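Here is the structure we will look at, set down as structure tokens.
The values are calculated or read from the model by the stated rules, or taken from the named source; none is laboratory data. Predicted model only: the values in this text are computed from it and were never measured. Note: ideal-geometry Cβ built from the backbone for every residue, glycine included; neighbour counts use all protein chains shown. SASA here: full protein model, heavy atoms, side chains in, ligands and nucleic acids out. Shrake-Rupley method; radii C 1.70, N 1.55, O 1.52, S 1.80 Å.
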Amino acid sequence: MTKQNRRRRARIAATWSALLTGVAAVAAITTVMAGTATAATTLGASAAERGGRYFGAAVAANKLSDNVYTTILNREFNSVTPENEMKIDATEPNQNQFNYTNADRIVQHARSRGMAVRGHTLAWHSQQPGWMQNMSGTALRNAMLNHVTQVATHYRGQIHSWDVVNEAFADGSSGARRDSNLQRTGNDWIEAAFRAARAADPNAKLCYNDYNTDDWTHAKTQAVYRMVQDFKQRGVPIDCVGLQSHLNNQSPYPSNYRTTLSSFAALGVDVQITELDIENANATWYRNVVNDCLAVSRCTGITVWGIRDSDSWRASQNPLLFDGNGNKKAAYDAVLQALNNGVTPTTPPTSNPPTSNPPTSNPPTTPPVTTPPPGGGGCTATVSLNSWTGGFVATVRVTAGSSGTNGWTVRMTLPSGATVTNAWNTQRSGNTGAINFTNVSYNGRIAAGQSTEFGFQGTGVGTGMTPTCSAT
């Protein structure tokens, strides 16, 4: 080959190399541009792109056989919270006899699909089984700690975050702890529960969870803030604060919601929106909540309390992102758009909470339940309400007379237009009008002068109910 031919071939090779490099560069740029322009199409995927956040849903085990339900769950969410299956009455229906069947089903479903799991809840004044309701003092404290230890140990290494203690503060302007059998074991019961949870599941995030703590100026919000601040200063193991954010016309989205999130974050804890639902699925409020979370780097995730409106504990308010048929609503579009757009996190404030008396928060304070004096051989019942526009939760205390009970029935007539949508620690005869509530297997036997509690949730107005009790 002549020198001239070698030079010609070299020039041709160089030309092809340049052309191929240019094509590869164009392809790479096109790929990057396409990746940048392609927004995530599901809630969980988009949240994960925003700093590894999650977007989850509360899940019921008995709905995992519903194809529409599981299709939405598996497609849209990257975190789940068992709705009732990890609560005390579900996991320890009889003392030291634990049942994890339904909770395990949810955990296995989630983890097999790469979803995180939030544990809800280890210690709570409500939905206690009858044996725990009837305990007090040291016996109750030890039983609570044993429950925390056993359940957290069972799920050790499988839970992203535990709601260790749930709803321990009172509503209203006092900023006080809620009066409950757990609170009456001593003011340090919350701290004791957190220490037990850390020992049992050291790698899980440990959260305090409450409702009506969205508005930064409210007494309840301030009280939780002070408790978390104290825990952090004293080395009590707490990693996160959960805001339930059940928003409605009486408890609307507050303009200072972002301040609440960032103020807790400034204490050195994560913030999680744990039970989000919004009356009539107000798309603007949903968008605002998402944007506020994205603006606070330590707001690590959002959980909506149910999947379809028909799955919601407030179904009559249509508060979720999917309608009863599983169709996406305008609020869904608003949430996904907010997640895809993202918000640049801001530096959280380090100022102390205001010291002036904050306004009373909604919903209204639940009145204390007074135990009626023991009657003859029968039983008595009292009812207390926690109400909001369009719904209520009723807590009923049954107290045995001088002979005790082997079983009981409480009869109540609901006001016109009211409907029972859910009940716990009882069986009921219907949903409207005159309803009989009877004991379940573990709370029918009540010693003389002792009490047990059951509850139910309803739509409409619950005021004016007068319970009557009969015993066997």
Which residue pairs have Cβ atoms under 7 Å apart, sit 6 or more places apart or on different chains, and have a first residue in the range 33-59 that is in a loop (DSSP other than H, G, I, E, B) and modelled with pLDDT of 90 or more and a second that is open to solvent by 50 Å² or more (accessible area, probe 1.4 Å) and among the acidic types (Asp, Glu)?
-> Ala40/Glu49
If the Cβ limit is 6 Å and pairs must be 6+ apart or interchain, which residue in the range 127-138 that is closer than 15 Å to Gly449 by Cβ and modelled with pLDDT under 95 pairs with which residue that is open to solvent by 30 Å² or more (accessible area, probe 1.4 Å) and in a loop (DSSP other than H, G, I, E, B)?
-> Asn134/Gln450
Would you check if Pro252 is surrounded by fewer than 18 Cβ atoms within 10 Å (Cβ to Cβ) and either closer than 23 Å to Gly56 by Cα or of a type in the set (Ser, Thr, Tyr) (or both)?
-> yes
Going through the range 313-324 one residue at a time, which ones are assigned to a loop (DSSP other than H, G, I, E, B) and surrounded by 22 or more Cβ atoms within 10 Å (Cβ to Cβ)?
-> Arg314, Pro319, Leu320, Leu321
Test each condition in (1) small (Gly, Ala, Ser); (2) surrounded by 18 or more Cβ atoms within 10 Å (Cβ to Cβ); (3) free of Cβ contacts under 8 Å to residues at least 12 places away in the same chain for Gly235 and report the one that comes out false.
-> (2)
Does the range 67-84 hold any residues that are surrounded by 22 or more Cβ atoms within 10 Å (Cβ to Cβ) and either among the small types (Gly, Ala, Ser) or touching a Leu at 6+ places or on another chain (Cβ under 7 Å) (or both), and which are they?
-> Glu76, Phe77, Ser79
Take the residues of the range 299-312 that are assigned to a strand (DSSP E or B) and under 30 Å from Leu267 (Cα atoms): which is most open to solvent (accessible area, probe 1.4 Å)?
-> Thr300
Single match in Leu206, Leu276, Leu267, Leu243 (criterion: under 17 Å from Leu122 (Cβ atoms), of a type outside the set (Ser, Thr, Tyr), at pLDDT 95 or above and crowded, with 18+ Cβ neighbours inside 10 Å) = Leu206
Identity of the residue in the range 85-110, touching a residue at least 60 places away in the same chain (Cβ under 8 Å) and in contact with a strand residue (DSSP E or B) (Cβ under 8 Å, 6 or more places away or on another chain), that ends up surrounded by the fewest Cβ atoms within 10 Å (Cβ to Cβ) | Asp89
Got at least one residue in the range 413-426 being of a type in the set (Ser, Thr, Tyr) and either within 11 Å of Pro467 (Cα to Cα) or touching a Pro at 6+ places or on another chain (Cβ under 9 Å) (or both)?
-> yes
Count, please, the residues in the range 167-200 that happen to be in contact with a strand residue (DSSP E or B) (Cβ under 7 Å, 6 or more places away or on another chain) and either open to solvent by less than 10 Å² (accessible area, probe 1.4 Å) or among the hydrophobic types (A, V, I, L, M, F, W, C) (or both).
-> 8
Could you tell me which of the residues Val271, Val296 is closer than 21 Å to Lys205 by Cβ, outside any strand (DSSP E or B), of a type in the set (A, V, I, L, M) and in contact with a Lys or Arg (Cβ under 8 Å, 6 or more places away or on another chain)?
-> Val296
Of all residues making up the range 142-189, the number that are assigned to a helix (DSSP H, G or I), in contact with a Phe, Trp or Tyr (Cβ under 8 Å, 6 or more places away or on another chain) and in contact (Cβ under 8 Å) with a residue 60 or more places away in the chain = 1
Starting from residues that are open to solvent by less than 10 Å² (accessible area, probe 1.4 Å) and either out of contact with any strand residue (DSSP E or B) (no Cβ under 8 Å at 6 or more places or on another chain) or of a type in the set (A, V, I, L, M) (or both), keep the ones in the range 111-142 and report whichever is farthest from Thr395 (Cα to Cα).
-> Val117
Of all residues making up the range 432-472, the number that are open to solvent by 50 Å² or more (accessible area, probe 1.4 Å), among the hydroxyl-bearing types (Ser, Thr, Tyr) and within 30 Å of the chain's Cα centre (by Cα) = 4
State whether the residues of the range 365-385 include one that is modelled with pLDDT under 90, within 30 Å of Asp215 (Cα to Cα), assigned to a loop (DSSP other than H, G, I, E, B) and out of contact with any strand residue (DSSP E or B) (no Cβ under 9 Å at 6 or more places or on another chain).
-> no
